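A.B. asks: Have a look at this one before I ask anything.
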Amino acid sequence: MNHVKIAKNVFLISSIYDLALGVLFFLFYKPVFNFLNITIPSHPEYLQMSAAFVAVLGVGYFFVYKNITRNRDLWKLGILYKITYSLLLFYYYFILHTANVVFLYFAFIDVIFIALFLTLYGKIYAPSKDD
């Protein structure tokens, strides 16, 4: 099994996913929030900053897709980002009960990406038994 090829495909999918979500929420947050029946925040600049970061991360995932070896540290950063988002969202949804369920779906998708990223990282970069 070619784990590098699988990882490249996973990063391409993640890149498209994050770039699309980031651009969608940055440019069209009002119609998206209205469609999802979510109250538009009183300070949308924070929403747009977060959306911009998601889009930029999508670009970072594209860099990993293009050259997995050279951009190995971006891979690690992407894992940390997805862990951070998921943990924060779970806290706000399950503990504080303030997050909308739509964002919970995004967190569960990110958990899938975390599992894939970690598994593939281990398969590709695990030290050999000869080391």
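Each reported figure results from applying straightforward, stated rules to the coordinates on display, with no laboratory input. All values reported here derive from a predicted model rather than from experimental measurement. Cβ placement follows ideal geometry from the backbone for every residue including glycine, while neighbour counts extend to all protein chains displayed.
A.B. asks: Out of residues 5 or more away from A99 or on other chains, whose amide H comes under 5 Å of its own, with H placed 1.01 Å from N in the peptide plane?
C.D. replies: Hits under the 5 Å cutoff: Y93.
A.B. asks: When the chain is treated as a GNM, springs tying every alpha-carbon pair under 10 Å, which of F94, F63, F113 comes out with the largest mean-square fluctuation?
C.D. replies: F94
A.B. asks: Go through segment 65-75 residue by residue and turn each phi into a ³J(HN,Hα) via Karplus (6.51, -1.76, 1.60, θ = phi - 60°); whole Hz please, and just put x for glycine and proline.
C.D. replies: Couplings: 4, 5, 8, 4, 5, 5, 9, 4, 5, 5, 4 Hz.
A.B. asks: Can you compute 3J(HN,Hα) from phi for each residue in segment 77-88, using the Karplus curve 6.51 cos²θ - 1.76 cosθ + 1.60 with θ = phi - 60°, rounded to whole Hz and x for Gly and Pro?
C.D. replies: Per residue, the Karplus-derived 3J(HN,Hα) values read 4, x, 4, 4, 4, 5, 5, 4, 4, 4, 5, 4 Hz.
A.B. asks: Can you sort K76, K5 so the residue with the fewest Cβ neighbours within 10 Å comes first? Working shown, then result.
C.D. replies: Details: K76 13, K5 10.
Result, fewest neighbours first: K5, K76.
A.B. asks: Let me ask something else. Which residue, V111, V56, V101, has the most motion in a Gaussian network model of the chain that connects Cα atoms within less than 10 Å?
C.D. replies: Largest GNM mean-square fluctuation: V101.
A.B. asks: Sticking with this one: If you compute P(r) over Cα pairs in 10 Å bins from 0, in percent for the structure shown, which of (1) 8, 14, 14, 12, 13, 14, 12, 8, 5, 1; (2) 11, 32, 22, 13, 8, 7, 5, 2, 0; (3) 12, 40, 30, 14, 4, 1 do you land on?
C.D. replies: (3)
A.B. asks: Tabulate in residue order the Karplus-calculated ³J(HN,Hα) for segment 16-31, using 6.51 cos²θ - 1.76 cosθ + 1.60 with θ = phi - 60°, rounded to whole Hz; enter x for Gly and Pro.
C.D. replies: Values per residue, Gly and Pro as x: 4, 4, 5, 5, 5, 4, x, 5, 4, 6, 6, 8, 10, 4, 5, x Hz.
A.B. asks: Next up: Comparing I83, I95, I38, which has the greatest mean-square fluctuation in the GNM of the chain with Cα pairs linked when under 10 Å apart?
C.D. replies: It is I95.
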